[in-house]
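Everything on this sheet refers to the single structure shown next.
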Amino acid sequence: MKRNFHHYVDGCWVAPEAAKTLELLDPTTELLRCHVPLAGAKDVAKAVEAAHLALAQGWLETSVSERLSYLLRLIGKIKDRRDQFAHIISEEMGAPIDFCKAHQVEASLAHLQGFVAAMKVQGEIDTPIADDPMHRVRYEPIGVAALITPWNWPLNQIALKVGAALMAGCTMVLKPSELTPLTGRLFAQCMEATGLPPGVFNFLIGGAETGELLTAHEQVSAISFTGSTRAGQSVAAAASVGFRRLTLELGGKSPNLLFTDCDIATAVRQGVAHCFRNAGQSCNAASLMLVEDGIYDEVVTLAAEMADTYRLDAPHKPGPHMGPLINQAQFVRVQSSIEKAIEQGARCVAGGPGRPDGLNEGYFVRPTVLVDVTPDMDVAREEVFGPVLAIMPFQDLDDAVLKANHSAYGLAAYIQTSDVHMANKAARRINAGMIQVNGNSRALGAPFGGTKSSGLGREAGIWGIRAFQELKSISGLHSVETRKL
Ligand code: NAD
């Protein structure tokens, strides 16, 4: 495959003017894969200007049904390239090929379908106020949107932002993670193939500095950022200039509560699998298992046994194994989290520090279970972003809620119990954006996002689309036809 890193700006593929480059290594072999040029100020300015011009040249006036037809075309283009996406994602971030096919690609398609469904039900953009036909309330696109995404679910995060901004009627500049530029490029090729007018969608390859330039640009009216809480803070500061609309999807330390009356074997199997999914590199990973005293020892034994069944292997091989982490920085970070937890008194019952047996190269981490974790330990509060499960006992609901709410994050929480009243009480008291009871996944189009340091606002479904729109209140327009799908 030819490795060019052109940007897609104003409907054309253009060579970057970028001066800086980034070296990317293969996560499995640690060999050099490529040098990626990182977009600079001129590249950013051209992309934002193209998006700004496209708004004025008619995109602002498009109907919901026109925008929906582009979205449906996009879904078709991604489906046509399902395998290509899966191979590129696997190569770039190290997730095994079968996982990429079944989850990384399909999750993005599901989110795009969620936008289609949302617009079919709630697509009305011009509604009267119930008892005053002379007053209308209208959702309008905010303007130029800056979309910044991470590497861990690289296509999924892009789809969540681009699909929503497109349906909202914004024009946009997408800057995916510099660590997964080829996934971004293939997505941009799909956008090009939809036949969108020039400038509606623009694509830059760049890093943190590119992101800073983009979020600081005065013609950007909405910023949607997914990434670390650390970077989210500086994005929030940039958005405060001019009070631009801001959506932040940040890190997590999501608790998984196991009450004594749960189906223990299923809860442990699902809980460990959720934590280790994508080698633990998921923002909503159930990485803190809170276990009621009466079943603690049994859960610890089962969790350790399950972790020991995981196999590690190269991402290109078929099968349900776990791949490496994306890069050296992640590997070092996860190793040091495991070492620190043990130093602070956690007991390691599976995995542990160091490379897995027989794997002397690649950023592979041993699937690790740390038990007897206490709230004061870093591993109880901080996002590890690797296959590391922390287990902590609790006495009763009050104690469980206290421990679940202890970290600075509030992205997701998981509850396992056969008592629906207990599940409901816990769900009310846990401070998180998303709660899943007994392994039931979120519905298509349900809002995605968190509280506290996990972010601001929601993505997916109608909530994701509204994040790119402004409400306008207009009185005296009763003769204007309401525009529905
Ligand atoms: P990161 O913050 O390093 O980078 C994310 C993106 O932001 C990249 O495109 C990067 O180039 C850009 N960026 C970095 N600093 C920036 C700045 N100051 N201004 C503007 N842009 C900047 O995060 P990452 O390592 O790529 O991703 C992992 C993190 O993302 C984890 O913390 C994970 O929990 C989080 N995440 C959250 C969600 C969610 O929906 N809540 C989903 C996926 C990942």
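Accessible area per residue (1.4 Å probe, heavy atoms of protein chains only) ranks 185, 355 as 355, 185, with the largest value leading. Computed with every protein chain present, the accessible area of residue 369 is close to 0 Å² [probe 1.4 Å].
Between helix 82-93 and the chain, what is the angle of the helix's C-alpha long axis to the longest principal axis, kept within 0 to 90° and rounded to the nearest 10? Approximately 60 degrees, to the nearest ten. Close amide H partners of residue 414, meaning residues 5 or more places away or on another chain with modelled amide H under 5 Å apart, are 256, 257, 436. Computed from phi, the 3J(HN,Hα) profile of the range 417-426 under the Karplus parametrisation 6.51, -1.76, 1.60 (θ = phi - 60°) reads 6, 8, 9, 5, 5, 4, 4, 5, 4, 5 Hz, with x in place of Gly and Pro.
Residue order by solvent-accessible surface for 153, 13, 463 is 463, 13, 153, largest first, with ligands and nucleic acids left out and a 1.4 Å probe.
Computed from backbone phi with θ = phi - 60° and the Karplus coefficients 6.51, -1.76 and 1.60, the 3J(HN,Hα) list for the range 396-413 is 7, 4, 4, 5, 5, 5, 4, 6, 5, 8, 6, 7, 6, 8, x, 7, 9, 8 Hz; x is used for glycine and proline.
Ordered by 1.4 Å accessible area with all protein chains kept, 277, 67, 347 run largest first as 347, 277, 67.
As a ratio to 2.2 N^0.38 Å, the alpha-carbon radius of gyration computed for the chain takes the value 0.99. Given the pairs 120/472; 175/253; 161/472; 101/253; 340/425, which span a C-alpha to C-alpha distance of over 28 angstrom in this model? Flagged as over cut-off: 340/425. 3J(HN,Hα) along the range 345-361: x, 6, 9, 9, 9, 7, x, x, x, x, 6, x, 3, x, 10, 9, 9 Hz, from the Karplus curve 6.51 cos²θ - 1.76 cosθ + 1.60 with θ = phi - 60°, whole Hz, x for Gly and Pro. As a rough guide to protection, the peptides 46-57, 280-291 ranked by mean Cβ packing within 10 Å, highest first, stand as 280-291, 46-57. Only protein heavy atoms count here; on that basis, with a 1.4 Å probe, residue 43 has an accessible area of about 10 Å².
Please report the net charge: other residues with Cβ closer than 12 Å to the Cβ of residue 216, K and R +1, D and E -1.
Numbers: positive: 244; negative: 209, 212, 218.
Taking every other residue near residue 216 into account, the sum is -2.
Using a cutoff of 8 angstrom between alpha carbon atoms and counting only pairs six or more residues apart, the relative contact order for the chain works out to 20 percent.
Kindly provide the helix-only [θ] at 222 nm of the chain, computed as the sum of -39,500 (n - 2.57) over DSSP H runs of four or more divided by all residues, to the nearest 500 deg cm²/dmol?
Computed ellipticity for the chain at 222 nm equals -11500 deg cm²/dmol.
Compared with the dominant Cα axis of the chain, that is its longest principal axis, helix 64-80 is turned about 50°.
Ligands, DNA and RNA aside, residue 301 has an accessible area near 70 Å² when probed at 1.4 Å.
Close amide-amide hydrogen proximity is noted between residue 223 and 146, 245, 246, 247, each under 5 Å apart and 5 or more residues distant or on a separate chain (H modeled in the peptide plane; Pro and chain starts excluded).
The values are calculated or read from the model by the stated rules, or taken from the named source; none is laboratory data. None of these values were measured; they are calculated from a predicted model. We place every Cβ from the backbone using ideal geometry, glycine too, and count neighbours over all the protein chains shown. For accessibility, only protein heavy atoms count, side chains too; no ligands or nucleic acids. Shrake-Rupley method; radii C 1.70, N 1.55, O 1.52, S 1.80 Å.
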